[in-house]
Amino acid sequence: MSRTLLDKLWDAHEVRRDPDGTSLLWVDRHLVHEGSHHAFAKLAERGLDVAEPGLTFGVADHYAPTRRRDRIEDPAIAKMLERLETNTSRHGIRLFGLNDPRQGIVHVLGPEQGLTLPGLSINCGDSHTSTHGAFGALAFGIGATEVAHVLATQTVRAQKPKSMRILVKGALGAGVSAKDIALHWIAELGTSGATGHAVEYAGDAIEALSMEGRMTLCNLSIEGGARFGMVAPDDTTLAYVKGRPFAPKGAAWDRAVAAWRALPSDPDATFDKEVTIDAARIAPTVTWGTTPEQAAPITGTVPDPDALPGGKAEAARSALDYMGLTAGQPLQDVAIDQVFLGSCTNARIEDLRAAATILRGRRARVPGVVSPGSMLVRAAAEAEGLDRVFTEAGLEWVGAGCSMCVGMNGDIVAPGKRCASSTNRNFRGRQGKGARTHLMSPVMVAAAAVTGRLTDARELMEAKA
Amino acid sequence: MAGWSVHEGRAVALPRRDVDTDQIIPARFMSASRADGYGQYLFADLREGDDGFPLDRHRGASVLIAGANFGCGSSREAAVYALVDAGIRAVIAPSFADIFAGNAVNNGLLPAALPDAEALMDELGANAAEARIDLETATLTIAGQSHEFRLPDVWRHKLTNGWDDIDLTRAHLDEIAAFRDARHANAPWVWAEQDDEQATAG
Ligand code: SF4
């Protein structure tokens, strides 16, 4: 019988299936961060050990200070970082801690180190674990009770999701990126458009994406309700993985590649749900509301809630109220107070390069922060001189971590302030209490910085050419 | 954790869709220890400055009726802790985000998917009503009306027995060990050790 990528990955990790349909899945990689403290506490309560410390990796990211790391002023933050150190060292888990030169956001660091490989099952107590699916891995976010379960047993209990394929056909226009594909489909299908499903992205527009782009796309799957986002491994994947510190070498590499080549969905495999998108129709997209589905092409206007169906009208009204926007207002007229370029969605080297193409030789009209996804991304960017492009434009170049994506480390947007952000969630208060977030791609963040308002990055690209 | 099969309590409506985890508990409270109770942080920012917030107007309510896609966003189980510690036993909504629903069931909180929850929410308005939830029949009775919600068998079993997954799984340690050996033989690179060289970010 023909099988999808999801079927193959699921079958390869299923230890057993209960009569009620619950699968017990083996976990190849378990990534923990500061927020995993609840799970370690559960383990301690029961006096249990970590089943496979060698398959468990710790990363400091959510609370990582992006500025002064030698003296952490907030005792609550210091405590979170300390707890991670204590828990990982007690259980013999390798930690990429605050002062490790490889430190970064878990979903940036994993792929960078070659911890993320095709065919693996990967869990982390973080909803954006879907990012790792870009390699053709079975990767999904879990809650603290499940984290404790993985720690104790190296397995996770899960119901197999339904399969969904999003086919993106054709070629993306200039200035349009993976972020726009994601915001586009979520705007069309809604934030629960893929709930209960594992999304496989396919089509020539996806094949043409770099690994960075695929990671951005898979990362955002959860914003459309899908716990899993996946792309079948191909030559692009292998080229990225080869030579990474934890990737197989020599004969093991050849053997692994043979296994990975068999992963893509069979040509005649069928999906429970299928959606086709014409890449040429996707414009640079920005959010105007407080959920990622409240998004529109930058060339458009803030929608009129009265024109939206049923429950969406009320949600839009309340979102516009929170965001301080009026129906009918052209999106390009919306003035911003600051920008943020960072997060596990868009802070890889390619994202920084893209933003730099707009900022090079220009000044930002508003303040902003650039936080690379890892300290290695930071080093690579500095080697290319990207840091100077950002600082000469007037933006602040800081260390790696979740930073202003979630504000846990103290990097926040002040109440009522409007931020053009390369992150993944524009929820109320996500970037700080009362903060107003507009999600967009890195080039769009850069363009907004230059003009001080939401801007079609393509205009600045043309002006330069 | 103790299981439950019938719950009687007061229901209130939270007339919003897409209630995300950042609204349920803002990130800044997440470094707190669970021992201190997470109930005080529930909906912290929504409640502030809103005298009429449903859970403040009707103290002691234990059933929350809300709009579609409840619990979307982060995997933070703290969102469930905040609801549970504030005394909430069940959330009734047309749909739930997958990770939130799983976390809820793991903590004895019922995520009851009810297609006409939004109609119920509108009917209730700013009032409270006595509600009865029966997990066996998957019914919610409110204002004399019965509504059947969707409740997968797995969830019913877990909620009524207060099952702990770790115990359930530890009964299969032999199968897990055998699987591990096979995995090790077929995909030894899963356990691969790190190369000395450091990665580049390129
Ligand atoms: S960068 Fe943001 S979305 Fe990504 S893991 Fe950190 S907090 Fe979560």
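The aspartates and glutamates whose alpha-carbon is closer than 14 Å to the alpha-carbon of A:Lys433, local same-chain residues fewer than 8 away aside, are A:Asp411, B:Asp22, B:Asp45, B:Glu48.
Give the longest segment of chain B that steers clear of GluC sites (Glu not before Pro) in DSSP loops with at most 16 neighbouring Cβ atoms within 10 Å, not counting the sites themselves.
B:49-135
Judged by the ratio a/c of the largest to the smallest principal axis of the C-alpha gyration tensor, region B:6-170 counts as oblate, that ratio being 1.5 or greater while a/b is no larger than b/c.
A simple rule links phi to the HN-Hα coupling: the Karplus curve 6.51 cos²θ - 1.76 cosθ + 1.60 with θ = phi - 60°, which for region A:326-336 gives 10, 4, x, 5, x, 4, 5, 8, 7, 7, 10 Hz, with x for Gly and Pro.
What trypsin sites (Lys or Arg not before Pro) does region B:114-182 have in DSSP loop regions with at most 16 other beta carbons within 10 Å?
Numbers: sites: B:Arg132, B:Arg150, B:Arg156, B:Lys158, B:Arg170, B:Arg180; in loops: none.
Those that pass, being in a loop and sparsely packed, number zero.
Computed from the C-beta positions of A:Arg16 and B:Ala143 and an R0 of 60 Å, the FRET efficiency is 0.85 to the nearest 0.05. Residues considered: B:Ala61, B:Ala86, B:Ala182. Largest GNM mean-square fluctuation over chain B, using C-alpha springs under 10 Å, is found at B:Ala182. Restriction of the trypsin sites (Lys or Arg not before Pro) in region B:1-93 to DSSP coil positions whose beta-carbon has at most 15 other beta-carbons within 10 angstrom yields B:Arg59.
Highest mean packing first, where packing is the average number of other Cβ atoms within 10 Å per residue, the peptides A:149-158, A:229-238, A:243-252, A:33-42 line up as A:149-158, A:33-42, A:229-238, A:243-252. Counts of other chain beta carbons within 10 angstrom of each beta carbon in peptide A:147-157 average 5.
For chain A, the Cβ-based charge dipole about the Cα centre amounts to some 700 debye (Lys, Arg positive; Asp, Glu negative; other atoms uncharged).
When each of the peptides A:410-421, A:84-95, A:334-345 is scored by the mean number of other C-beta atoms lying within 10 Å of its residues, the order from highest to lowest reads A:334-345, A:410-421, A:84-95.
For a modelled paramagnetic label at A:Ser2, 7 Å from Cα along Cα-to-Cβ, the residues of region A:134-164 in reach, with backbone nitrogen under 16 Å, are A:163-164. Apply the a/c threshold of 1.5 to the C-alpha gyration tensor of region A:285-464 and tell me whether it is rounded, prolate or oblate. Prolate, because a/c is 1.5 or more and a/b exceeds b/c.
Legend: calculated FRET efficiency, B:Gln40 to A:Met461, from the Cβ-Cβ distance at R0 = 60 Å, rounded to 0.05, equals 0.75. Across peptide B:183-189, the average count of Cβ atoms from other chains found within 10 Å of a residue's Cβ is 5. Taking a straight line from the alpha carbon of A:Lys42, these lysines sit under 20 Å away, with near neighbours fewer than eight places off in the same chain left out: A:Lys79, B:Lys158. Per-residue ellipticity at 222 nm, computed for the protein assembly as shown from helices alone with -39500 (n - 2.57) per DSSP H run of at least four residues, works out to -9500 deg cm²/dmol.
Here chain B is assigned +1 on the Cβ of each Lys and Arg and -1 on the Cβ of each Asp and Glu. Its dipole about the Cα centre then comes out at about 540 debye. Here nothing in chain B passes the span test, since no DSSP H helix has an alpha carbon length of 30 Å or more along the helix axis and a Kyte-Doolittle mean of -0.5 or above. Classify the protein assembly as shown from the C-alpha gyration tensor, please: rounded if a/c falls under 1.5, else prolate or oblate depending on whether a/b exceeds b/c. The shape class here is rounded. Ordering A:Phe57, A:Gly432, B:Ala68 by the projection of their Cα atoms onto the charge dipole of the protein assembly as shown, which places +1 on the Cβ of Lys and Arg and -1 on the Cβ of Asp and Glu, puts A:Gly432 at the extreme positive end. Taking amide H as placed 1.01 Å from N in the peptide plane, the amide H of B:Ser75 sits under 5 Å from that of A:Ser127, each at least 5 places away or on another chain. The modelled label-to-label distance for the pair A:Lys169/A:Gln329, using points 7 Å beyond Cα in the direction of Cβ, is 3.9 nm. Between amide H atoms placed 1.01 Å from N, distances below 5 Å from A:Glu396 occur with A:Gly368, A:Val369, A:Val370, all of them 5 or more places distant or on a separate chain. Placing a label point 7 Å from the Cα of A:Ala239 along the Cα-to-Cβ direction, the residues of region A:198-228 whose backbone N falls under 12 Å from that point are A:208-212.
For chain B, modelled as a GNM whose springs connect Cα atoms under 10 angstrom apart, the maximal fluctuation among B:Val105, B:Val190, B:Val63 occurs at B:Val190. Counting only residues at least eight positions apart within a chain, or on another chain, the lysines with an alpha carbon under 16 Å from that of A:Lys162 are A:Lys8, A:Lys273.
Working from label points 7 Å from Cα in the Cα-to-Cβ sense, the A:Arg68 to A:Glu392 distance is 3.0 nm. Peptide A:192-198 has a mean of 4 when you count, residue by residue, the C-beta atoms of other protein chains within 10 Å of its C-beta.
Laboratory data are not the source of any read-out in this text; all were calculated from the coordinates shown. Note that the structure is a prediction, hence the values are computed from the model and not measured. When we count neighbours, we look across all protein chains shown, and the Cβ atoms used for this are built from the backbone with ideal geometry, even at glycine.
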